[in-house]
Amino acid sequence: MSRDDQYWNRSVETMPRDGIEELQVRLLKSSLRRAARSGSYGERFQKIGFDPESVSSLEDFRRFPFTEKKHLRKGYPYGFLVEPKENLLRMHSSSGTTGQAVAVFYTKADLDGWADLLARCMYMAGARPEDTFQNLSGYGLFTGGLGFQYGAERLGMLTIPSGAGNSKRQIQIMRDFSTSVIHIIPSFLLLLMDVIKEMKLDPQKELSLRIAFVGAEPYSEEVRKRLEDFYGIKVYNSYGLSEMNGPGVAFECAYQNGMHIWEDAYIVEIIDPKTLEPVPDGQYGELVMTTLQREAMPILRFRTGDLTRIVPGECGCGRSHKRIDRIQGRTDDMFIIKGVNIFPMQVEQVLMNIPEVGNNYVIVLIKEHDIDNMIVRVEMTESVFVEDMGVLESVRNRIAHDLKNELLVTPKVELLEPNSLPKSEGKATRVIDRRMS
Ligand code: AMP
Ligand code: ZN
């Protein structure tokens, strides 16, 4: 390992492209052999007559069918497991908001590799052993807790496992221990803005924060800007999913222009979710991933459901691993209103560009006389809400107008008092679908 001031692992992070591809083919072969030992893949290999030994290039591998969430669910709990129980150290699980959760197992080598990837990510974004790291993330089955904990310890930071929730106490801990680096989901960091205002604190003078790793749910560039301006910090996007370990899959470097996705650990593909064909770099599609180093539970060509693209060109930081763009949403997030495909993130981008709009909103989908429509319910900032009806009406018109420009449909807009929408300290619910009821 070659640690220096810039890179956690210079030789891996700056590996030439042909070296990365050679390494991938080598690791893929052992992943395939390993996968063949699991009940679910073993059966599948047999059924389609797939011989892992026949793969000698990444192109060969593209003949292998995709793995979908439904397959992992069907294999619950042990169908994809390769190692005997005595070799396992831990289990995590996906959020499982819809349907059966997926269980993910780790051997010692898996946990080590995962911690190292997370340390690499955080080091890349500028965290150093001198920092104090506070992890405001749910521990337990959610991978964002223990995942970041072990990664931060590997990097060598003093690590405070403060967990999710307890807003005021979190701020108190930040003050008492001069926390400089945090990991948190975007909706909770937005919510803490109100708590800090309520506590009459100046976050830029009375806190020592300099970096936040923010991820686990989609958020827009506009939200990043709000957070950076309010806290006076750098916000780095962090992407991961339980099926691929958890966080540490892709992360932003100091250039904040796409997230480097670690290709020594994963094969990355972007496909058209309808035709399932690969799309060229720069074009949006669904992210498909394969683990290269996981022992307990290798996963092949997994359709993540996340929509992104490969950012074309090289990154100024010198890392050769490809970058994926901010996640635009999930294939299953999209809804159709009056024939137009809409992603919640498009609504957020518009709202967060309007200064009078507060930090909380929700999109309600309704059916009126058999036609689908949407209501955007949005909290205003304190200062606007005390204004007269004329001012509010002009803000409402502006929101409707800007949304129409972006979405091509005119939603109903309802302005709400600050703090009137339910607050959640976990992943936020941005869309409520009332069309069925
Ligand atoms: P889970 O495995 O339950 O932790 O959830 C993983 C999912 O969270 C991913 O498939 C994404 O849909 C979402 N996610 C994680 N990180 C991000 C991020 N930085 N931006 C947008 N969505 C994210
Ligand atoms: Zn970079």
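Cβ-Cβ distance of Ser57 and Asp433, R₀ of 56 Å, FRET efficiency by 1/(1 + (r/R0)^6): the value works out to about 0.80.
Entry note, region 148-259: relative contact order of 20 percent, from Cα contacts under 8 Å with a spacing of 6+ residues. Residues of region 347-362 with backbone nitrogen within less than 18 Å of a virtual label 7 Å along the Cα-to-Cβ line of Gln204, please, listed as ranges. Under 18 Å, as judged by backbone N against the label point of Gln204, lie 355 of region 347-362. Measuring between alpha carbons in the structure, the pairs from Lys338/Lys404; Lys205/Lys225; Lys234/Lys404 lying more than 21 angstrom apart are Lys234/Lys404.
With a probe of 1.4 Å, find how much accessible area the chain has per residue, and write the answer as a whole number in Å².
On the way: 19150 Å² over 437 residues.
Here the per-residue accessible area is 44 Å².
What ratio of Cα Rg to 2.2 N^0.38 Å holds for region 279-327? Before the final figure, lay out the partial values.
Values: Rg = 12.7 Å, N = 49, 2.2 N^0.38 = 9.7 Å.
After normalising by residue count via 2.2 N^0.38 Å, the value is 1.31.
Counting pairs of alpha carbon atoms under 8 Å apart in space and at least six apart in sequence, what relative contact order in percent does the chain give? The normalised contact order for the chain reaches 14 percent. Taking the 0 to 90 degree range and rounding to the nearest ten, how far is the long axis of helix 186-198 tilted relative to the main principal axis of the chain, both from C-alpha atoms? Between helix and principal axis, roughly 40 degrees. Taken along its three principal axes, the alpha carbon spread of the chain comes to 72, 56, 41 Å, from the longest extent down to the shortest.
What FRET efficiency, computed as 1/(1 + (r/R0)^6) with R0 = 22 Å and r the Cβ-Cβ distance, is obtained for Asp5 and Leu89, rounded to the nearest 0.05? The calculated FRET efficiency here is 0.10. In terms of the mean number of neighbouring beta-carbon atoms within 10 Å, the peptides 157-169, 344-356 order highest first as 344-356, 157-169.
Using only alpha-carbon positions in region 108-218, the gyration tensor eigenvalues give semi-axes of 24, 15, 11 Å once each is multiplied by 5 and square-rooted (largest first).
Given a cut-off of 12 Å, what percent of all Cα-Cα pairs of region 369-423 lie beyond it?
Cα-Cα pairs of region 369-423 separated by over 12 Å account for 68 percent.
Taking every DSSP helix (H) stretch of at least 4 residues in the chain, weighting each as -39,500 (n - 2.57) and dividing the sum by the residue count yields a mean residue ellipticity at 222 nm of -9500 deg cm²/dmol.
Find the Rg to Rh ratio for region 108-156, where Rh is the Kirkwood radius over alpha-carbon pairs and Rg uses the same atoms. List each step's numbers first, then the result.
Working: Rg = 10.4 Å, Rh = 10.8 Å.
Rg/Rh for region 108-156 comes to 0.96.
Between the listed residues Gln170, Ala152, Ile182, the Cα displaced farthest toward the positive end of the dipole of the chain, a dipole computed from Cβ unit charges relative to the Cα centre, is found at Ala152. Between the Cα long axis of helix 221-231 and the first principal axis of the chain there is an angle of about 70°, rounded to the nearest 10. Computed over protein heavy atoms with a 1.4 Å probe, the carbon and sulfur contribution to the accessible area of region 26-86 reaches 48%. About the centre of its Cα atoms, the chain shows a dipole size close to 1000 debye [charges on the beta carbon of Lys, Arg (+1) and Asp, Glu (-1) only; nearest 20 debye].
Length available on full extension from Ile20 to Tyr284: 0.36 nm per residue minus the Cα-Cα distance, which gives 92.7 nm.
Highest mean packing first, where packing is the average number of other Cβ atoms within 10 Å per residue, the peptides 196-202, 45-51, 65-71, 318-324 line up as 318-324, 65-71, 196-202, 45-51. Annotation: peptides 382-388, 331-337, ranked by per-residue average of other Cβ atoms within 10 Å with the highest first, follow the order 331-337, 382-388. Computed about its Cα centre, the charge dipole of region 13-73 is approximately 480 debye, with only Lys, Arg, Asp and Glu carrying charge at their Cβ.
The fraction of Cα-Cα pairs per 10 angstrom bin, counted from 0 for region 191-294, comes to 13, 35, 30, 15, 7, 0 percent, rounded to whole percents. Taking the C-alpha atoms only, the angle from helix 389-407 to the longest principal axis of the chain is near 30 degrees. Distance between the modelled labels on Ala400 and Met334, one decimal in nanometres: 2.8 nm (7 Å Cα→Cβ projection).
The aspartates and glutamates within cross-link reach of Lys322, meaning a Cα-to-Cα straight distance under 16 Å and a gap of 8 or more places when in the same chain, are Glu13, Asp18, Glu21, Glu22, Glu252, Glu263, Asp264, Glu269, Asp281, Glu286, Glu314.
Please say if region 15-133 is rounded, prolate or oblate, where rounded means a/c under 1.5 for a ≥ b ≥ c the square roots of the C-alpha gyration tensor eigenvalues, and otherwise the choice is prolate for a/b larger than b/c and oblate otherwise?
On the way: a/c = 2.03, a/b = 1.25, b/c = 1.63.
Oblate is the answer for region 15-133, as a/c is 1.5 or above yet b/c matches or exceeds a/b.
Counting 0.36 nm for each residue step from Glu221 to Lys47 and taking away their Cα separation leaves a gain of 58.1 nm.
Provide the FRET efficiency to the nearest 0.05 for the Met193-Gln256 pair, computing r from the beta carbons and using R0 = 22 Å.
0.60
Straight-line cross-link partners of Lys85 among the lysines, defined as a Cα under 25 Å from its Cα and at least 8 positions apart when in the same chain: Lys29, Lys69, Lys70, Lys74, Lys108. Under 21 Å of direct C-alpha separation, and excluding same-chain neighbours fewer than eight residues apart, Lys200 reaches these lysines: Lys168, Lys423.
Report relative contact order for region 106-189 in percent, whole number only (criteria: Cα-Cα under 8 Å, sequence separation at least 6).
Reported relative contact order: 36 percent.
Taking θ as phi - 60° and the Karplus parameters 6.51, -1.76 and 1.60, the scalar couplings of region 415-429 work out to 8, 10, 5, x, 6, 8, 7, x, 9, 10, 8, x, 4, 7, 9 Hz in sequence order, x denoting glycine and proline.
The values are calculated or read from the model by the stated rules, or taken from the named source; none is laboratory data. Computed from a predicted model, the values in this text were never measured in an experiment. Cβ coordinates were reconstructed from backbone atoms using ideal geometry, including for glycine residues, and neighbour counts include every protein chain displayed. Note: areas computed on protein heavy atoms with side chains; ligands, DNA, RNA excluded. Shrake-Rupley method; radii C 1.70, N 1.55, O 1.52, S 1.80 Å.
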